[in-house]
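Below is one structure, written out as structure tokens; the observations come after it.
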Amino acid sequence: MAHDEFSLIRQWTSRSAGQEGNGLTVGIGDDAAVFSPAPEMEVVACCDAMVETVHFLKKTMNPSDIGYKAVISNVSDVAAMGGVARYALVSIAVSPQWTPDECQQIYEGIYEACQAYGVRVIGGDTVSAPDALHLSVTVLGEVEKGRAIRRSQAKPGQLVFVTGHVGTSAAGLHLLLQGETAERGVSLPWETLMDAHQRPVAQIKAGRLLLESGACSALNDVSDGLASELWEIAEASGVSILVDAATVPIHDEVREYAQHVEKDPLEWAFYGGEDYQLVGTLAKSHYEAVSKQFAASGVPFTVIGEVVGKTHEPELMLRRDDQQLPLPKAGFNHFRSG
């Protein structure tokens, strides 16, 4: 790094200075941070990395978007446990192609996301990298003792649900990668797709509703695509899951854009990822009460299938066009009819 490392660190993290209190005993600026979880709570810890050319391109993400999304991906993991995010550790490896001002913008995005979700940056590391920027964020949260929602408790006969819409981020990425070609003549509402990719929303509110209801058995966040997350639940719980393609919630603008570029929107929904919605299971007897809670809170909630059986060989099936076909972990084209 061309500039003095420590002055840059102080500049980028200046917004974290003097934030002790409310559980934080020692904040940023010492060898390590010290905090205490609230009484009767357990710590939830998660870490995600974003690597240039692997997870993002300058073509599709502004520097502030990169920082924002790195935080959101972790907050979403906390939401999938029914918890609340509290603190963040940020490590960045900067290549020569990135200027100090661009890195400042990355941190601005980090702090913007942290402010939106009540998270405080309490430490991290800053180093140089030879070729590409690497950004890693660790988030520490908390959840009531013994109540964290796991992937492993799905049971036969339960309903499978998802919050919000899926496939929107992937559609946005496709639009961004097409550049001027895809954007020419595109109506302004399609900016919703790009926003979904660049500035996703973590479903902390939905996670808390599910934990407080006591109705949710298994839960996962949609970071790698709906198929991948359902497979994780099926394997962790030892069950088979059947999804009805007609019920998968896909935004109207995604369907319109998919038709415009001759793509199947279900491919984005199942394999696009980075929607950061929540997918899980609950008993049929709890459905009416939970759906009313979600409606009252303004959070979309859709039943998309059911857990059909306990098995030593978990499977994920898709009902589509009067056919029931295996839904693989990857490669949507492997099962598409027609």
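The values are calculated or read from the model by the stated rules, or taken from the named source; none is laboratory data. Since the model is a prediction, treat every value here as computed from it, not as a measurement. So basically every Cβ, Gly included, is an ideal-geometry build from the backbone, and we count neighbours across all protein chains shown. What goes into the accessible areas is simple: the full protein's heavy atoms, side chains included, and nothing from ligands, DNA or RNA. Shrake-Rupley method; radii C 1.70, N 1.55, O 1.52, S 1.80 Å.
Brief remarks follow.
- Based on Cα contacts under 8 Å between residues 6+ apart, the range 17-131 shows a relative contact order of 29 percent.
- What you get for the range 80-192, charging only the Cβ of Lys and Arg (+1) and of Asp and Glu (-1), is a dipole of about 920 debye around the Cα centre.
- Working note: Karplus 6.51/-1.76/1.60 with θ = phi - 60° gives the range 57-69 the couplings 10, 4, 5, 10, 9, 6, x, 5, 5, 4, x, 4, 5 Hz, where Gly and Pro are set to x.
- Most mobile listed residue (Ala88, Ala206, Ala32) in the chain, GNM with C-alpha springs under 10 Å: Ala32
- Taking all pairs of distinct alpha-carbon atoms in the range 106-167, Kirkwood radius in angstrom: 16.3 Å
- Averaged per residue, the range 82-213 has 40 square angstrom of accessible surface, using a 1.4 angstrom probe with ligands and nucleic acids left out.
- Amide H to amide H, with H built 1.01 Å from N, Gly305 comes under 5 Å of Val160, Asp244, counting only residues 5 or more places away or on other chains.
- Rounded to 5, the percent of DSSP beta bridges in the range 81-208 classed as antiparallel: 55 percent
- For the residue pairs Lys69/Lys263; Lys59/Lys263; Lys155/Lys310, the C-alpha atoms sit more than 18 angstrom apart in Lys69/Lys263; Lys59/Lys263.
- Short to long, the 20 Å bins of the Cα pair-distance histogram for the chain hold 30, 55, 15, 0 percent of all pairs.
- Couplings 3J(HN,Hα) of the range 278-288, computed from phi: 10, 10, x, 10, 8, 5, 4, 5, 9, 4, 4 Hz, in residue order, whole Hz [Karplus 6.51 cos²θ - 1.76 cosθ + 1.60, θ = phi - 60°; x for Gly and Pro].
- The relative contact order of the chain, computed from alpha carbon pairs under 8 Å that lie at least 6 residues apart in sequence, is 21 percent.
- Per-residue Karplus couplings for the range 306-314, computed as 6.51 cos²θ - 1.76 cosθ + 1.60 with θ equal to phi - 60°, are listed in order as 8, 7, 9, x, 8, 7, 7, 10, x Hz, Gly and Pro entered as x.
- Counting DSSP beta bridges with both ends in the chain, the antiparallel % (nearest 5): 75 percent
- Highest average packing first - 53-66, 151-164, Cβ atoms within 10 Å: 151-164, 53-66
- Close amide-amide hydrogen proximity is noted between Ser128 and Val94, each under 5 Å apart and 5 or more residues distant or on a separate chain (H modeled in the peptide plane; Pro and chain starts excluded).
- Relative contact order (%) - the range 167-268, alpha-carbon pairs under 8 angstrom, separation at least six: 38 percent
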